[in-house]
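What follows is a set of notes on a single structure, which appears directly below.
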Amino acid sequence: MTDEVPAVQAYAISADDGKDIVESIPKDYAEQAKMKRLGYTSVAEKLAERFHMDISLLKALNPTVAFKADETVAVAIPGGPKIGSVTRIEVRRKWRRRSPLRKMDRCSPFIPRPLAAGHALAVRHA
């Protein structure tokens, strides 16, 4: 990066961050549908999602933290939203990833999402 904008900031974990944590999330979609909400299975998972981080990066930046209220952790500073149009989304099952494509097949930022075997995604916008 050429700018001097920090990529990490301090965040104080609050009691609210520990609310709505579920013990586990079933793998079966029918069982998930019965849940009041899917939620998160840990405070670390919830914070990783909020700050657009992989949970392993969050834990690596905070190796001695228990992720409890009143602790301060280092988290990523997410950038602003990206605005633009996508002409199609290409799914590459071998690499388990989706790539939104703009005009003339220029790739937009990578969007990682797990793809279940046997599922396909085909979206086209003109």
For this session: Can you give me the ranges of the helices (runs of 4 or more DSSP H) entirely in segment 1-66 with at least 1 residues that are in contact with a strand residue (DSSP E or B) (Cβ under 6 Å, 6 or more places away or on another chain)?
Result: 43-50, 55-61
Seminar exercise, completed: The condition from (1) modelled with pLDDT of 90 or more; (2) of a type in the set (Ser, Thr, Tyr); (3) in contact with a Pro (Cβ under 6 Å, 6 or more places away or on another chain) that residue 108 misses is numbered (1)
Exercise. Taking segment 68-101, which residues are at pLDDT below 70 and assigned to a strand (DSSP E or B)?
Worked result: 88, 89, 90, 91, 92, 97, 98, 99, 100, 101
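Per-residue answers, yes or no, for (1) surrounded by 11 or more Cβ atoms within 10 Å (Cβ to Cβ); (2) polar (S, T, N, Q):
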{"position": "51", "(1), (2)": "yes, no"}
{"position": "58", "(1), (2)": "yes, no"}
{"position": "64", "(1), (2)": "no, yes"}
{"position": "67", "(1), (2)": "yes, no"}
{"position": "70", "(1), (2)": "no, no"}
{"position": "74", "(1), (2)": "yes, no"}
{"position": "77", "(1), (2)": "yes, no"}
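The values are calculated or read from the model by the stated rules, or taken from the named source; none is laboratory data. What you are looking at is a predicted structure, and each value in this text was computed from that prediction instead of being measured. Note that each Cβ is placed from the backbone with ideal geometry, even for glycine, and that neighbours are counted across all protein chains shown.
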